[in-house]
Structures are given as structure tokens and as C-alpha cells.
Amino acid sequence: MTELRFTSEITVELIQQIGNDHVIACAARVSTGRDSEAVEPAADAGLIRFLMQNRHGTPFEHGSMTVRVHAPIKVWREWHRHRIGIALHEEGLDWSFNEESGRYKQLEPVFYLPPRDRLMIRPEGFRSARPAFDLANDEEYANTIGELKEGYEYAYRMYERMLHRGVDRGLARDVLGVGIYSACYCTANPRSIMHFLELRTNVPGAKRPSKPLYEIEVAARKLETLFMAHWPVTYMAWQENGRAAP
Ligand SMILES: Cc1cc2nc3c(=O)[nH]c(=O)nc-3n(C[C@H](O)[C@H](O)[C@H](O)COP(=O)(O)OP(=O)(O)OC[C@H]3O[C@@H](n4cnc5c(N)ncnc54)[C@H](O)[C@@H]3O)c2cc1C
């Protein structure tokens, strides 16, 4: 019997990054024909701040980042809702995704368990529109972990049993839930990344606050760290703009 692996880890690994803050500023300057002039970095920063505040969004589309994300399928259910990602010739404007196949390979027995500090208990007066959860006590946490493990074990046994009988992998997987992990390559431009981060993080003081699912926020925070490292000036301007994407 295959041993199941349980983890709380969600990883976001940089595969490739194209572009920088200066290219964004140059893309805006082409409108006045001054894109090839030498400028001080401070001039780029001022211009980028102006573009951000005044919703001149298109210069922020020049660049891209590709990441490999390993996350439970419930994260993919939400991430894949983000349509606008990058302009790539005839491929359209969508985020570009490539995901591990449940038809061509047996899905790895890797399942998500929430970390101890993940808020998960609905309080009195809970409202779905502004979801806020309490910390589980030790018993509540242990019960939840136990129930998740039991469900995962049972589902994966049924999955393997069907595979051993030669059932199509694309059908046998139907028994698995959304806590099983899947890997995906994701590519988008800086403008779309900011839009994604605005919706999938919950940061005090944000101009348009959001209440994302804990697990997609974990992934979004890691994506944000990569974004900040590669477009630091754009990142600061976005922060100063209340994390509102242009
Ligand atoms: C906290 C939270 C809760 C959610 N709950 C639910 C839920 O209960 N049920 C559910 O179905 N979804 C839910 N969603 C998903 C949500 O409705 C969006 O699908 C998702 O956030 C992607 O946002 P988006 O459409 O702005 O992004 P993108 O698809 O990347 O689009 C980016 C922007 O492009 C423009 N755009 C894209 N496509 C069109 C279009 N066809 N027409 C006009 N303008 C367009 C819009 O300005 C849009 O904001 C939730 C999202 C969040 C963050």
C-alpha cells in the first residue's frame, strides 16, 4: 500500500523572469519619443508612481514572471479564475498555465493539512461575505486533522483500487478531493500579478480589502516576495497606492 504524505507547505518557485522597472518607465516614455534618453533612476520612480496613481496600466504589461507552484487543488480552483495575464502573440491575454495531468500519470499521494495557526473555526455571528475565523483549540485541531487524514486515506485507497483494476486514470481520480496536491507553471505580467495580489491577500490599509482563502494567500504572499525582488520600484508604488492594481 502506498504511504500517504501529509504537508502544510505550499511552494512558489521562480522559473523565469523578464523585464524590470526601467522597461516599464520606457514603455510609458515612448508616447513622447523619450524612451531612449538616459535618465536617473529617480525619474523612473516618479514616473512609475504617477502611472500607478493615475491608472495608466498598460506600461505595467511589459514583462513577465513564470513560477512553479505546488499547492492543493483547491488553490487551483481559485487561481484559475484569474483570466487576464499576459499578451503572448496569438495565445491571447490569459494567465498561462500548465498543470500536472491526472490522465497521464498517477497522482502523487501528497495531501494538505492545515498548520496549527491556521484560523478555522466559525465564530458566533459568522458572515460569509466577510469571513473571519477563530483559532481551533487543541481538541478541535486534532479532530480536524484526524478527519482530513481519514478522508484522504479512504479516498486514495479507492483511487488505487480502481487503478489496479485498470480503470481510466481520468475517471478514477474523481474520488479524490481538493486537498490533494498538484503542480502548475503559471505566467503573467506585472499588471496581472498586482491584480492577483490585490484580490488574494488581506493586508490592513489596502484600498480595496479582500478576504481570500488562507491557502491561496500563502501562495500569493510567496509570489509577492518574488514580485518585489524583481520590480522593486513598481512594488513600492503599488504599496503606496493602497495595493490597488492600475
Ligand atoms: C475573496 C474572493 C471570493 C470569491 N468568491 C467567489 C465565489 O463565491 N464564486 C465565484 O464564482 N467566484 C468567486 N471569486 C472569484 C472572482 O469572482 C473572480 O473570478 C476572481 O477573483 C478573478 O478576478 P477577476 O475577474 O478580476 O480577474 P481576471 O479574470 O484576471 O480579470 C482581470 C480584470 O479584467 C477585466 N475583465 C476580465 N474578463 C472580463 C470580461 N469578460 N468582461 C469584462 N471585463 C473583464 C476586469 O476588469 C477584471 O477585473 C472570489 C474571489 C475572491 C478574491
HN-Hα couplings for segment 128-144 via Karplus (6.51, -1.76, 1.60; θ = phi - 60°), in whole Hz with x for Gly/Pro, come out as 4, 5, 10, x, 9, 10, 9, 6, 6, 7, 4, 5, 4, 5, 4, 4, 5
Which trypsin sites (Lys or Arg not before Pro) in segment 113-201 pass both tests, a DSSP loop state and at most 16 other beta-carbon atoms within 10 Å? Arg116, Arg118, Arg127, Arg165
Measure nothing fancy, just the Cα-based angle from helix 41-53's long axis to the longest principal axis of the chain, in degrees from 0 to 90, nearest 10. 70
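Of Tyr152, Tyr185, how do they rank once you tally other Cβ atoms within 10 Å and put the fewest first?
Values: Tyr152 21, Tyr185 16.
Ordered from fewest to most neighbouring Cβ atoms within 10 Å, Tyr152, Tyr185 come out as Tyr185, Tyr152.
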For segment 135-222, rounded, prolate or oblate, judged on the Cα gyration tensor with a ≥ b ≥ c (square roots of eigenvalues), a/c < 1.5 rounded, else prolate if a/b > b/c? oblate
With just the Cα atoms of segment 1-147, tell me how far they stretch along each of the three principal axes, in Å, largest first. 65, 45, 25
So what is the calculated 222 nm ellipticity per residue for the chain, using -39500 (n - 2.57) for each DSSP H run with n of 4 or more, over all residues, to the nearest 500 deg cm²/dmol? -12500 deg cm²/dmol
Sorted from largest to smallest, which semi-axis lengths in Å does the alpha carbon gyration tensor of segment 1-77 give for its equivalent ellipsoid, taking the root of 5 times each eigenvalue? 40, 13, 10
What would the Debye equation give as log₁₀ I(q)/I(0) for segment 122-170 at q = 0.20, 0.22, 0.25, 0.26 Å⁻¹, counting only Cα atoms as equal point scatterers? -0.76, -0.81, -0.91, -0.94
What is the Cα coordinate range of the chain on the first, second and third principal axes, sorted by size from largest, in whole angstrom? 66, 46, 25
Excluding residues on the same chain fewer than 8 positions from Lys222, give the lysines whose Cα lies under 20 Å from its Cα. Lys74, Lys211
For Cα pairs less than 8 Å apart in space and 6+ apart in sequence, what is the mean separation divided by the residue count of segment 114-246, i.e. the relative contact order in percent? 17
Amide H of Ile84: which non-local residues (sequence gap of 5 or more, or other chain) have their own amide H closer than 5 Å, using H built in the peptide plane? Trp95
How high is the relative contact order of segment 1-147? Use alpha-carbon pairs under 8 Å, at least six apart in sequence, and give a whole percent. 28
Counting only C-alpha contacts under 8 Å and six or more residues apart, can you give the relative contact order of the chain as a whole percent? 30
Under 5 Å from the placed amide H of Ser210, counting only residues 5+ away or on other chains, we find Val203
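Readers should treat all values here as calculations from the given coordinates under stated rules, not as data from a laboratory. What you see is a predicted model; the values in this text were computed from it and never measured. Quick reminder, even Gly has a Cβ in these numbers, built from the backbone with ideal geometry, and neighbours come from all protein chains shown.
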